[in-house]
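Any read-out appearing in this document is the output of simple, stated calculations on the displayed coordinates, not a laboratory observation. The model shown is predicted, which means the values in this text are computed figures rather than measured ones. Here Cβ is always computed from backbone atoms with ideal geometry, including for glycine, and neighbour counts include all displayed protein chains.
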Amino acid sequence: MKTYLVTGAAGFIGANYIKYILAKHEDIKVVILDALTYAGNLGTISKDVDNERCFFIRGNICDRELADRLFAEYKFDYIVNFAAESHVDRSIENPQLFLQTNILGTQNLLDAARCAWVTGKDENGYPTWRKDVRFHQVSTDEVYGSLGEEGFFTEETPLCPHSPYSASKASADLIVMAYRDTYKMPVTITRCSNNYGPYHFPEKLIPLIIKNILEGKRLPVYGNGTNVRDWLYVEDHCKAIDLVVREGKNGEIYNVGGHNEKQNIEIVKLTIATIHHLMEQEPAYRKVLKKKELNEKGEIRIDWINDSLITFVKDRLGHDQRYAIDPTKITNALGWYPETKFEVGIVKTIEWYLNNQPWVEEVTSGDYQKYYEQMYGGRG
């Protein structure tokens with residue numbers, strides 16, 4: 001039986017990942033370490049935490065005493081590090097928090113793993129390691145910077161981060177590889193494109209647009225909306241991480257992309273059209289709308305769900321124009337490919353949000369409302 005430490009698993013991608021691996025692998029034990037900051041929600045994983053196969057520990061990855069205690073108690077085989085401050089806008093407002101968590105927290109976990117997993121030294125003085133252990137770092141394509149109209153990020157693309165967030169993630173990646181080069185530590189890294197899907201905290205584009213439509217609010221779009229992102233359905237990403245953790249080559253970096261390049265304005269318009277279509281086909285969905293105006297037939301109107309809801313707001317500082325991932329390496333090496341086309345994934349995502357409004361209400365109470373006003377209230 002393999003025992004995982006999965007950090008940040010009360011967040012979006014981490015929660016989807018533990019749900020995926022617990023369903024796929026019967027012979028595993030998972031320990032979740034999460035500080036439950038603004039984007040972490042224990043309710044997302046409450047049904048997964050059974051204290052038999054899956055355990056939850058509230059704590060910070062910067063806490064060395066806690067990390068050492070967990071390594072001693074659980075004898076981890078795999079570390080999968082999702083824990084990070086992850087929103088670019090927040091990194092612009094408070095860059096130091098991102099450096100502390102994303103760089104120093106990652107280094108703290110690496111060193112705790114090194115102390116727990118090293119068994120001795122080889123003839124050249126390098127550490128020898130417990131068999132079949134691995135530290136996996138979950139990273140982002142934002143570490144590469146911005147692309148022009150053509151081309152793709154490969155694993156050989158030089159790092160060129162532009163925001164405090166992406167700089168902190170690039171730094172963490174370099175620390176991970178430094179432990180590989182200095183100590184011969186068994187590590188892997190995945191760098192993914194923009195994820196979407198269930199349990200996504202509504203500060204990011206797609207869930208924010210869904211939430212605002214359901215509340216009858218304007219839809220804020222940065223700049224002129226032409227920034228391009230490569231969209232990856234979260235379950236496809238989880239499958240890639242699972243493959244790399246179990247079968248990836250030590251010391252390698254794998255790019256994970258969705259082959260779904262779209263401008264932000266395209267995403268917003270498609271989300272509007274999809275919600276309108278779903279509510280047209282299934283009128284019961286209209287009950288989740290906060291705006292309940294009736295038409296002459298006594299039905300809840302949806303004619304206002306259209307592109308007129310879009311409002312362009314002042315652009316983000318240092319906003320990268322285009323990201324696009326080339327996943328050829330992971331496809332050739334491990335047989336992974338993105339299975340979910342965006343037109344299919346966006347319908348699945350919207351249907352999930354329509355059917356899970358109590359979850360949305362739970363995660364967006366309190367601090368979220370203050371944050372939303374701070375980020376978008378004065379940008380019109």
Checklist entry - For residue 329, which aspartates and glutamates qualify as cross-link partners when the Cα separation must be under 12 Å and same-chain residues fewer than eight apart are set aside? => result 155, 156, 252
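At 0.36 nm per residue, and after removing the present C-alpha to C-alpha distance, how many nm does the segment from residue 308 to residue 293 gain when stretched out fully? Can you show the working numbers first?
Numbers: separation 15, 0.36 × 15 = 5.40 nm, distance 1.72 nm.
Contour length minus Cα-Cα distance gives 3.7 nm.
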Next on the checklist: Computed from the coordinates I sent, Cα extents along the principal axes in Å equals one of (1) 62, 53, 39; (2) 83, 47, 39; (3) 76, 55, 43. Tell me the label.
Outcome noted: (2)
Checklist entry - Would you list 129, 231 from fewest to most Cβ contacts within 10 Å? => result 129, 231
Checklist outcome for this item: In degrees, nearest 10, the alpha-carbon axis of helix 342-355 is tilted away from the dominant principal axis of the alpha carbons of the chain by 80
Item to check | Inter-label distance, nm, simple model (7 Å from Cα along the C-beta direction), residue 72/residue 226 | outcome: 5.9
Checklist outcome for this item: For residue 118 and residue 63, extending 7 Å from Cα along the Cα-Cβ vector and measuring point to point gives, in nm, a value of 2.5
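Please rank 46, 146, fewest neighbouring Cβ atoms within 10 Å first, as an exposure proxy.
Working: 46 11, 146 17.
Least crowded to most crowded, the residues run 46, 146.
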Checklist entry - Along the charge dipole of the chain, Cβ charges K/R +1 and D/E -1, which of 147, 272, 319 sits furthest on the positive end? => result 272
Item to check | Candidate lysines - alpha carbon under 19 Å from residue 169, same-chain residues fewer than 8 apart omitted | outcome: 204
Checklist outcome for this item: Residue span residue 357 to residue 156: 0.36 nm per residue of separation minus Cα-Cα distance leaves a gain in nm of 68.2 nm
Checklist entry - From the residues 9, 21, 33, which one has its Cα farthest along the dipole of region 1-69 in the positive direction, the dipole being from +1 and -1 charges on Cβ of Lys/Arg and Asp/Glu about the Cα centre? => result 21
Next on the checklist: Based on alpha-carbon centroids, what's the gap between region 209-265 and region 190-206 in Å, whole number please?
Outcome noted: 5
Item to check | Size of electric dipole in the chain: Cβ of Lys, Arg +1 and of Asp, Glu -1, about Cα centre, debye, nearest 20 | outcome: 480
Checklist entry - When only Cα pairs under 8 Å and 6 or more residues apart are kept, what is the percent relative contact order across the chain? => result 17
Checklist entry - Distance from the Cα centre of region 126-154 to that of region 267-303, in angstrom? => result 42
Checklist outcome for this item: With label points set 7 Å from each Cα along the Cα-to-Cβ direction at residue 263 and residue 126, the distance between them in nm comes to 5.0
Checklist entry - So how do 256, 31 line up by other beta-carbon neighbours within 10 Å, fewest first? => result 31, 256
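Would you kindly state how much longer the chain becomes between residue 47 and residue 344 on full extension, computed as 0.36 nm times their sequence separation minus their alpha carbon distance, in nm to one decimal? Walk me through the numbers before you get to the answer.
On the way: separation 297, 0.36 × 297 = 106.92 nm, distance 2.67 nm.
Computed gain between residue 47 and residue 344 is 104.3 nm.
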Item to check | Residues of type lysines that residue 291 reaches as a straight line, Cα spacing below 18 Å, ignoring anything fewer than 8 places off in the same chain | outcome: 211, 217
Next on the checklist: Nothing charged except the Cβ atoms of Lys and Arg (+1) and of Asp and Glu (-1): what's the magnitude of the dipole of region 30-78 about its Cα centre? Round to the nearest 20 debye.
Outcome noted: 60
Next on the checklist: As I understand it, the value is the acute angle between the Cα axis of helix 205-214 and the longest principal axis of the Cα atoms of the chain; what does it come to in degrees, rounded to 10?
Outcome noted: 30
Item to check | Student exercise, region 214-311 dipole from Lys, Arg, Asp, Glu Cβ charges, in Debye to nearest 20 | outcome: 400
Item to check | Radius of gyration and maximum dimension Dmax of region 57-188, Cα, Å | outcome: 16.1, 51
Checklist entry - Relative to the first principal axis of the alpha-carbon coordinates of the chain, what is the inclination of helix 12-24, with its axis defined by its Cα atoms, in degrees from 0 to 90 and to the nearest 10? => result 70
Checklist entry - For the pair residue 26 and residue 280, what calculated FRET efficiency results from E = 1/(1 + (r/R0)^6), where r is the Cβ-Cβ distance and R0 = 51 Å, to the nearest 0.05? => result 0.75
